[in-house]
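The values are calculated or read from the model by the stated rules, or taken from the named source; none is laboratory data. The structure displayed is predicted, hence computed values, not measured ones. Here Cβ is always computed from backbone atoms with ideal geometry, including for glycine, and neighbour counts include all displayed protein chains. With ligands, DNA and RNA removed, areas are computed over all heavy atoms of the protein, side chains included. Shrake-Rupley method; radii C 1.70, N 1.55, O 1.52, S 1.80 Å.
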Amino acid sequence: MFAIGEGEAKTTEIYHYILGGAMTEIALILLIDESWEERETYRRYLLRDQQHSYKILEAQTGKQALLICQQQLPDVIVIDYLLPDMDGLEFISDLKIELDLTNLPVIVLTDHGNEQIALQAMKSGAAEYLIKKNTTAVGFRLAIQKVLEKTRLIKQLEKSEKLYRNLLESQTDLIVRIDMNGRLTFANAVAAETFGFKPDEFLGHPLFQFVHPDDLADVMANMQALTLPPYRLTTKEQRAFTVNGIRWFQWEVAAIRNQENQVIELQAVGRDVTERKQAEQKIHQQAALIDISPDAIFVRNLNYQILFWSQGAERLYGWTAAEILGKECHEFLYEQISPQIEEAFRTVLEQGEWCGDLQKITKSRQELIVSSRWTLMYSEAGQPESILTVDTDITERKRLEQQFYRTQRLESLGILASGIAHDLNNILSPVLTVSQLLLYKLPNLDDKNRQLLNILADNSKRGGELVKQITSFARGSEGKQVLLQIKHLLQEIEQIICSTFPKSIEVCIDISTPNLFTVLADPNQIHQVLMNLCVNAYDAMPNGGILSISAANFFVDENYARMNLEAKVGPYVAIAVSDTGCGIPENLLERIFEPFFTTKELSKGTGLGLSTVMGIVKNHGGFMQVNSEVEKGSKFCVYLPAIKQCSTQEADDCNLPRGNGELVMIVDDEASIQEVTKTLLAEYNYKTITAINGVEAISLYTKHKNEISLVLMDVQMPSIDGLMATRIIQHINPSVKIIAISGFTSNRKLLEVHGIGVQAFLVKPYTLNQLLQTIPTVLRKPG
């Protein structure tokens with residue numbers, strides 16, 4: 001080991017000699033002291049260390065030591081506080097400033113214990129401070145080892161921090177740390193770049209300035225939650241303002257706690273989920289479009305199990321998704337699996353698609369007719385996986401078609417009946433004549449043969465009556481039509497049925513309508529119509545009940561005429577015959593007016609009663625309607641044209657209430673109904689706007705909600721039906737006044753089931769009188 005001599009050359013020579021030694025793991029110690037004796041003492045302390053090895057460099061002055069440090073960095077510097085050219089504090093300062101050796105550990109030695117010097121030394125960056133007279137060999141070595149260990153730990157920490165930093169900077173996720181005031185204390189490069197800052201500039205900014213206002217409350221709640229166990233959470237998607245606009249992030253956040261278990265910071269890892277969120281929103285939008293559709297859209301696998309069930313399907317069939325998902329559709333939608341269903345399934349598997357009309361049932365067991373389109377769906381491997389089904393409710397359309405076909409069928413049957421009536425009369429007339437003639441020609445016949453002739457005559461008469469009914473059905477009797485006041489005819493009917501029907505039948509007659517219109521009709525035929533209807537009502541109530549008969553004035557306007565093929569614009573007298581009997585099943589209602597169709601026993605009916613009634617009514621220019629519900633009863637309405645009395649009608653029109661310029665929104669998917677209603681309301685001083693469907697209705701109401709006084713809402717519509725449109729408009733304005741309109745009286749119950757309250761309900765076809773009476777009634781109701 002060599003000491004540094006006086007001259008500069010000697011110092012350099014010795015230094016180079018040391019540099020020529022082999023590199024070892026031995027700790028390199030630089031001793032700086034003016035006194036050779038002091039340096040020798042410290043050198044002996046180190047060489048006597050049995051557990052550690054050292055290589056020792058020596059210097060007498062601060063400048064010599066700085067020169068050595070420039071050539072080879074020692075592991076530890078031991079320096080006397082007082083040197084010839086500088087003190088220990090100045091040396092530490094030059095070490096940092098001139099050589100930029102901030103982290104080089106320095107132990108300062110002094111002759112006297114001076115707390116002020118010790119404090120200054122430690123503040124200047126000294127690693128340790130020793131008093132010479134108190135320093136033993138063991139204490140000296142321990143101080144060296146302590147500093148070496150501290151240096152080793154610092155280097156490990158720096159290496160670990162560098163590795164941690166590299167790891168953080170290599171991440172594509174955002175990594176930030178904030179204090180409990182929300183200010184950033186750390187951010188990786190990705191986070192800084194995302195928000196438009198350099199990493200150093202980013203620190204200190206409040207995180208809240210980047211959070212979308214709508215999500216700020218959630219962020220504050222999350223910070224509060226993280227102060228409690230389990231001290232970590234995964235946030236829901238939240239928005240933030242970035243250099244690329246508003247982006248969605250999902251954060252994994254953990255609390256950082258001190259030794260007292262207090263949360264001092266929060267560390268968060270954020271992942272940009274904007275693309276996923278946009279994809280989800282697109283899926284939601286597509287799902288919303290599916291749910292807006294009035295069609296029932298659902299997906300089932302090849303085992304018939306429901307995989308998807310749209311809101312349109314819920315509305316049409318009544319089953320919620322929770323009730324039907326995973327279940328077999330056959331259990332819910334069909335009374336039984338028909339051959340048509342089996343054939344459709346085979347076709348869609350073979351050809352990839354199928355379409356046709358199917359009969360299905362709802363949750364309430366109501367039968368529907370739907371236009372059904374099936375499409376085969378494939379897996380990613382190209383294998384058949386499921387069937388997409390789109391069902392459109394065509395029940396009402398089919399009903400109108402059946403009404404039209406029934407009218408044509410009845411006309412054809414009428415022509416056929418009138419053709420055969422003449423031949424029947426030709427056959428029956430001689431039979432009846434001969435049977436009666438034989439009774440007179442053969443007065444001595446025994447009772448048995450006389451009875452046979454009477455049977456022959458009676459049955460010939462019955463045949464004749466049957467021919468009369470056929471003729472009446474075909475073209476009506478050729479009786480004379482006169483001006484007839486229905487009120488008087490109903491009084492006669494009341495006397496007959498009260499005297500002939502049993503007491504178990506309660507008869508209620510309502511002819512209280514003032515100024516009941518007059519009709520031009522054959523009294524006998526109208527009498528026959530009413531008696532046939534009353535007898536049918538009596539037959540429907542074998543255990544007694546209530547038979548009600550009423551008459552009222554009724555005006556068919558253009559609206560009503562457009563929605564009923566058999567009605568014409570003008571005044572009518574409406575005669576209603578209703579009972580509380582067994583009712584008529586829905587599947588038989590379409591056939592009750594067919595000739596020879598009857599549900600009665602063979603000995604109790606011919607099947608010509610209602611067909612005759614229909615023939616007479618049609619020959620008088622009228623029409624009929626029937627409503628029936630099993631176990632509750634039936635109601636037959638006969639509409640006969642009234643004599644037009646212009647002065648009376650004008651007075652009636654004048655008496656109809658007029659509006660005060662209120663704005664009425666008409667929502668109906670039928671353009672003709674829209675136009676007629678709009679024109680009629682304009683005549684009675686109402687302003688109108690129209691919407692073709694629920695979507696347009698919602699849009700118009702949103703724009704004009706402060707001007708619209710009333711909404712006429714059709715329940716059955718494409719896109720968004722009246723039920724959903726009403727619910728949305730009521731959400732926009734809970735005080736809105738709405739009159740619901742439908743061709744189905746069952747829709748009134750549907751509104752109640754769905755909890756949708758409206759101020760009034762009109763059944764199509766409605767008359768202008770009904771509409772104009774209802775509107776002011778609704779407008780007067782409190783909002």
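Which one is nearest to residue 108 (Cα to Cα) among residues in the range 1-48 that are part of a loop (DSSP other than H, G, I, E, B) and modelled with pLDDT of 85 or more? Ranking the candidates gives 33 first.
Condition (residue is closer than 29 Å to residue 51 by Cβ, among the aromatic types (Phe, Trp, Tyr) and either touching a residue at least 60 places away in the same chain (Cβ under 8 Å) or touching a helix residue (DSSP H, G or I) at 6+ places or on another chain (Cβ under 6 Å) (or both)) applied to the range 82-105: is it met by at least one residue? Within the range 82-105, not a single residue is closer than 29 Å to residue 51 by Cβ, among the aromatic types (Phe, Trp, Tyr) and either touching a residue at least 60 places away in the same chain (Cβ under 8 Å) or touching a helix residue (DSSP H, G or I) at 6+ places or on another chain (Cβ under 6 Å) (or both). Scanning for something surrounded by 13 or more Cβ atoms within 10 Å (Cβ to Cβ), farther than 16 Å from residue 613 by Cβ and within 51 Å of the chain's Cα centre (by Cα), does the range 514-534 turn up at least one residue? Within the range 514-534, not a single residue is surrounded by 13 or more Cβ atoms within 10 Å (Cβ to Cβ), farther than 16 Å from residue 613 by Cβ and within 51 Å of the chain's Cα centre (by Cα).
Restricting to the range 49-60, what's the tally of residues that are assigned to a strand (DSSP E or B) and open to solvent by 30 Å² or more (accessible area, probe 1.4 Å)?
Of the residues in the range 49-60, the ones assigned to a strand (DSSP E or B) are 54-59.
Remaining after also requiring open to solvent by 30 Å² or more (accessible area, probe 1.4 Å): 55.
Result for the range 49-60: 1.
Give the residues of the range 461-503 that are more than 58 Å from the chain's Cα centre (by Cα), at pLDDT below 65, crowded, with 17+ Cβ neighbours inside 10 Å and among the aliphatic types (A, V, I, L, M), sorted by residue number. Within the range 461-503, just 467 meets the criteria. Tell me, please, whether a residue that is in contact with a Cys (Cβ under 8 Å, 6 or more places away or on another chain), within 13 Å of residue 575 (Cβ to Cβ) and in a helix (DSSP H, G or I) can be found in the range 489-509. Checking the range 489-509: at least one residue is in contact with a Cys (Cβ under 8 Å, 6 or more places away or on another chain), within 13 Å of residue 575 (Cβ to Cβ) and in a helix (DSSP H, G or I). Every condition in (1) at pLDDT below 85; (2) within 60 Å of the chain's Cα centre (by Cα); (3) open to solvent by less than 70 Å² (accessible area, probe 1.4 Å) holds for residue 194 except the one numbered (1).
Selection of first residues in the range 347-358 that are under 10 Å from residue 384 (Cβ atoms) and of second residues that are of a type in the set (Asp, Glu) and open to solvent by less than 40 Å² (accessible area, probe 1.4 Å), restricted to Cβ pairs under 6 Å at least 6 apart or on distinct chains, gives an empty result. Under 8 Å by Cβ, and 6 or more places apart or on different chains, what pairs join a residue from the range 192-208 that is touching a residue at least 40 places away in the same chain (Cβ under 8 Å) with one that is β-branched (Val, Ile, Thr) and surrounded by 15 or more Cβ atoms within 10 Å (Cβ to Cβ)? Every condition considered, the pairs that remain are 194/242; 195/242; 196/242.
Taking the range 211-234 as the range and being buried (at least 17 other Cβ atoms within 10 Å of the Cβ) and either closer than 22 Å to residue 196 by Cα or in contact with a Phe, Trp or Tyr (Cβ under 9 Å, 6 or more places away or on another chain) (or both) as the test, the residues that pass are 211, 215, 219, 222. Any residue at all in the range 539-558 that's within 24 Å of residue 400 (Cα to Cα), open to solvent by 20 Å² or more (accessible area, probe 1.4 Å) and part of a loop (DSSP other than H, G, I, E, B)? The answer is no, given that none of the residues of the range 539-558 is within 24 Å of residue 400 (Cα to Cα), open to solvent by 20 Å² or more (accessible area, probe 1.4 Å) and part of a loop (DSSP other than H, G, I, E, B). Given the criteria in contact with a Leu (Cβ under 9 Å, 6 or more places away or on another chain) and small (Gly, Ala, Ser), does residue 196 qualify? Spelling it out, it is not the case that residue 196 is in contact with a Leu (Cβ under 9 Å, 6 or more places away or on another chain) and small (Gly, Ala, Ser).
Kindly check whether there is at least one residue in the range 719-737 that is closer than 26 Å to residue 586 by Cα, in contact with a strand residue (DSSP E or B) (Cβ under 7 Å, 6 or more places away or on another chain) and modelled with pLDDT under 85.
Our first condition is that a residue be closer than 26 Å to residue 586 by Cα; within the range 719-737, this holds for 721-723.
Restricting the remaining residues to those that are in contact with a strand residue (DSSP E or B) (Cβ under 7 Å, 6 or more places away or on another chain) gives 722.
Right, trim to modelled with pLDDT under 85 and you get none.
No, there is no match, as no residue in the range 719-737 is closer than 26 Å to residue 586 by Cα, in contact with a strand residue (DSSP E or B) (Cβ under 7 Å, 6 or more places away or on another chain) and modelled with pLDDT under 85.
When 710, 680, 772 are checked against the criterion of being touching a residue at least 60 places away in the same chain (Cβ under 8 Å), of a type outside the set (D, E, K, R) and touching a Lys or Arg at 6+ places or on another chain (Cβ under 7 Å), 710 stands alone in meeting it. Checked against (1) surrounded by 15 or more Cβ atoms within 10 Å (Cβ to Cβ); (2) not in a strand (DSSP E or B), residue 392 meets all criteria but (2).
Taking every residue in the range 559-578 that is at pLDDT 85 or above and pairing it with any residue that is among the acidic types (Asp, Glu), at least 6 positions away or on another chain, the pairs with Cβ-Cβ distances below 9 Å are 569/557; 569/558; 571/652; 576/510. Is it true that some residue in the range 312-319 is of a type in the set (D, E, K, R), out of contact with any Leu (no Cβ under 6 Å at 6 or more places or on another chain) and closer than 30 Å to residue 177 by Cβ? Looking for residues that are of a type in the set (D, E, K, R), out of contact with any Leu (no Cβ under 6 Å at 6 or more places or on another chain) and closer than 30 Å to residue 177 by Cβ, one finds none in the range 312-319, hence no. Is it the case that the range 590-601 has a residue that's more than 19 Å from residue 527 (Cβ to Cβ), polar (S, T, N, Q) and either at pLDDT 85 or above or assigned to a helix (DSSP H, G or I) (or both)? Scanning the range 590-601 turns up no residue that is more than 19 Å from residue 527 (Cβ to Cβ), polar (S, T, N, Q) and either at pLDDT 85 or above or assigned to a helix (DSSP H, G or I) (or both).
The strands (runs of 3 or more DSSP E) found wholly in the range 61-160 include none carrying at least 2 residues that are charged (D, E, K, R). Among the residues that make up the range 158-180, is at least one of them over 30 Å from residue 87 (Cβ atoms), open to solvent by 100 Å² or more (accessible area, probe 1.4 Å), in contact with a strand residue (DSSP E or B) (Cβ under 9 Å, 6 or more places away or on another chain) and hydroxyl-bearing (Ser, Thr, Tyr)? Yes, the range 158-180 has at least one match. Pairing each residue of the range 245-272 that is free of Cβ contacts under 8 Å to residues at least 12 places away in the same chain with any residue that is outside any loop (DSSP other than H, G, I, E, B), provided the two are 6+ apart or on different chains, yields C-beta distances under 9 Å for 258/264.
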